[in-house]
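Data first, discussion second: the structure below is written as structure tokens.
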Amino acid sequence: MKKVLSRIYLVFIFILLYAPIAVLIVLSFNKSKTRAKWGGWTLEWYVKMFQDQAIMSALYNTLLIALLSALIATILGLLASFSLLSMKHRTRGFVLSLLDIPMLNAEIVTGISLMLIFIAIGQFLSHWGYTIEFGMMTVLIGHITFNIPYTVLSIMPKLRQINISTYEAALDLGASRWLAFRKVILPDIMSGVLSGFMLAFTLSLDDFVITHFTKGPGFDTLSTKIYTEVRKGIKPEMYALSTLLFASILLLILIFGRARRKTAASSQPAVY
Amino acid sequence: MKTKRRFWMDGPYLIWTAAFIVIPLFTIVYYGLTDKTGAFTWSNIAQMGTPERLKALVLSLLLSLLATFICLIMAYPLALILTKMKIGATGFIVSIFIIPMWMNSLLRILAWQTLLERNGVINQILGFLHLPKQYLINTPYAIALGMIYDFLPFMLLPIYNSLEKIDSNVVNAAYDLGANKLQAFWKVIFPLTLPGVISGITMVFVPALTTFVISDFLGGSKVLLIGNVIEQQFTQVGDWNVGSGLSLVLMIFILISMAVMQHYDKDADDRVTAL
């Protein structure tokens, strides 16, 4: 009885979380242009979205920012993890709590604070005739900022588990610092680095609030484009594009996860 | 791990933290406490006192507390069930938390419009069952539902993690000493998961209190939350001083909940496992 109840509960939660996603996928095949009516199945929107300049440029911006911000945040997070671990306990706690602010703070406050600092920098630079343009660059900086804590939190625990003697042994055996880092430390923390990167990529891909406040007119990511479209009626192409993105990430992760499990399984006995 | 301090290692992220995290927050304080000419004033903060803004703030507090409470009573049993399942639970957690994130978050909320509308999916099902149609969309309850839907995983993960960490010997000891199931839960299990519960509460409360997207999409223009008031101040009115002043008031509530979290969550690294 108890088991049945808990199964029912799990199914209920699953429906709650996945009903909206199912709705969106179904809508992407809806022939009727409005959400309220069902007009039969069609693949029209999947073709039309590729012909829509605005949607394609929003997609390009979204992917480019996700990729760059995840990459830069991972590099900064890696440096931060090394640096933090070599700090004294108290200093580390302090710096870490500063670094964590974007993760714990409300997104709207982070967004507003970034918008204001860009305005302030712009006013400052205007004395010398420079301007700050709200667009790709400001959004990218915003995304890197909220991504850093997540990469640090993925990488630092892995780094902490490393035995420094192996690194020192590599140095003693004549390896350069860079070689020792690449051959000894990096393989051990790679899973943390990768999961940090993936997390940052996903968060950036899905972000709306920070982008909303740091973008300028004429620059759009998919999220901000959806937000402005909601008022005038959203184009069905958006459902198609999001479904396609959703499906491709799901597919990628399945393949990627499987390959990783395979290599993990085959390399495990060889470690010791 | 100890290595020698080097600027190329410390420099980049420390400069980044100062430039784009710490100084921007002080910029809000500066704009919030000055007027257009740069002179000191409290008037931006006092702007929160107008009836409609107070109403929005109170409604935000009520709805976010309601959503946090419902998330808690939904997530705790769920976490208990998942810990008992053992095998496959991690996979379930990943799918429950990560996979929905690959569908655009704005569209996911928008999808609730389709579900809740006057002629939406839920009302059509009700009609099919010969039940009366319900007025669901553009109500505070629709907003609360959106919050619960969007933030439930933030409650689930920390609770699940703290349940996972409990040593089963401790629970068995309670049973050996004559505790019944209820006693073992309230006296042993629940207190041990309190840090997880607290961090779940703050992780739901802060985003729920400050959202403007959920109320935009599910409340129509009829229901304004404090997030909407502030957002409009920046993007439509364009008055950064008043907007910053209102944000400062909002930050008081965020700071309170962050302080509570800090108090219970001494080891900041613990949160890593929540991801």
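Here, each number is a calculation from the coordinates, and none is a lab measurement. This one's a predicted model, so the numbers in the text were calculated from it and none came from an experiment. All Cβ positions, even for glycine, are placed from backbone atoms using ideal geometry, and neighbour counts span all protein chains on display.
Shielding value for A:212-220 is 1, the average number of Cβ atoms from other chains within 10 Å of each residue's Cβ. Largest GNM mean-square fluctuation among B:226, B:98, B:201, using chain B with Cα springs under 10 Å: B:98. Packing here is the average count of other Cβ atoms within 10 Å per residue, and on that basis the peptides A:52-58, B:170-176, highest first, run A:52-58, B:170-176.
Using the Karplus relation 6.51 cos²θ - 1.76 cosθ + 1.60 with θ = phi - 60°, the per-residue 3J(HN,Hα) values for segment A:238-254 come to 5, 4, 4, 4, 5, 4, 4, 4, 4, 5, 6, 5, 4, 5, 4, 5, 4 Hz, with x marking Gly and Pro. Taking a ≥ b ≥ c as the square roots of the Cα gyration tensor eigenvalues, with a/c under 1.5 meaning rounded and otherwise prolate when a/b beats b/c, else oblate, which class fits the protein assembly as shown? The shape class here is rounded.
The phi torsions of segment A:181-189, fed into the Karplus equation with coefficients 6.51, -1.76 and 1.60 and a -60° offset, translate into couplings of 4, 5, 8, 9, 7, 3, x, 6, 9 Hz, rounded to whole numbers, with Gly and Pro shown as x.
Couplings for segment B:228-244, taken from phi via the Karplus curve 6.51 cos²θ - 1.76 cosθ + 1.60 with θ = phi - 60°, read 5, 4, 5, 4, 5, 4, 8, 8, 10, 6, x, 9, 5, 5, 5, x, 5 Hz in order; Gly and Pro are left as x. Taking A:134, A:197, A:124 as the candidate residues, the one with maximal mean-square fluctuation in a Gaussian network model of chain A, Cα springs under 10 Å, is A:124.
Considering every residue in A:10-23, what mean count of other chain Cβ atoms within 10 Å of its Cβ is obtained? If you can, show how the numbers build up before the last one.
Details: counts 6, 0, 2, 9, 3, 0, 5, 10, 6, 8, 14, 7, 3, 10.
Mean number of neighbouring Cβ atoms from other chains: 6.
Peptide B:205-215 has a mean shielding of 3, counted as Cβ atoms of other protein chains within 10 Å of each residue's Cβ.
Within chain A, the longest segment free of exposed loop sites, counting trypsin sites (Lys or Arg not before Pro) that fall outside DSSP classes H, G, I, E and B and have at most 14 other Cβ atoms within 10 Å, spans A:89-272. Legend: Rg and Dmax of chain A, from Cα coordinates, 23.1, 75 Å.
Do any chymotrypsin sites (Phe, Trp or Tyr not before Pro) in segment A:1-104 lie in a DSSP loop with no more than 14 other beta carbon atoms within 10 Å, and if so, which? Walk me through the numbers on the way to the answer.
Numbers: sites: A:9, A:12, A:14, A:18, A:29, A:38, A:41, A:45, A:46, A:50, A:60, A:82, A:94; in loops: A:29, A:38.
Those that pass, being in a loop and sparsely packed, are A:38.
Label chain B by shape, choosing from rounded, prolate and oblate, from the square roots a ≥ b ≥ c of the eigenvalues of the Cα gyration tensor; if a/c is under 1.5 it is rounded, and otherwise prolate applies when a/b is larger than b/c, oblate when it is not. Since a/c reaches 1.5 but b/c is at least a/b, the shape of chain B is classed as oblate.
A simple packing score, the average count of other Cβ atoms within 10 Å per residue, orders the peptides B:233-239, A:115-121 as A:115-121, B:233-239, with the highest score first. Under 5 Å between amide H atoms, partner at least 5 residues away or on a different chain: which partners does residue B:34 have, H built in plane at 1.01 Å? Correct list: B:41.
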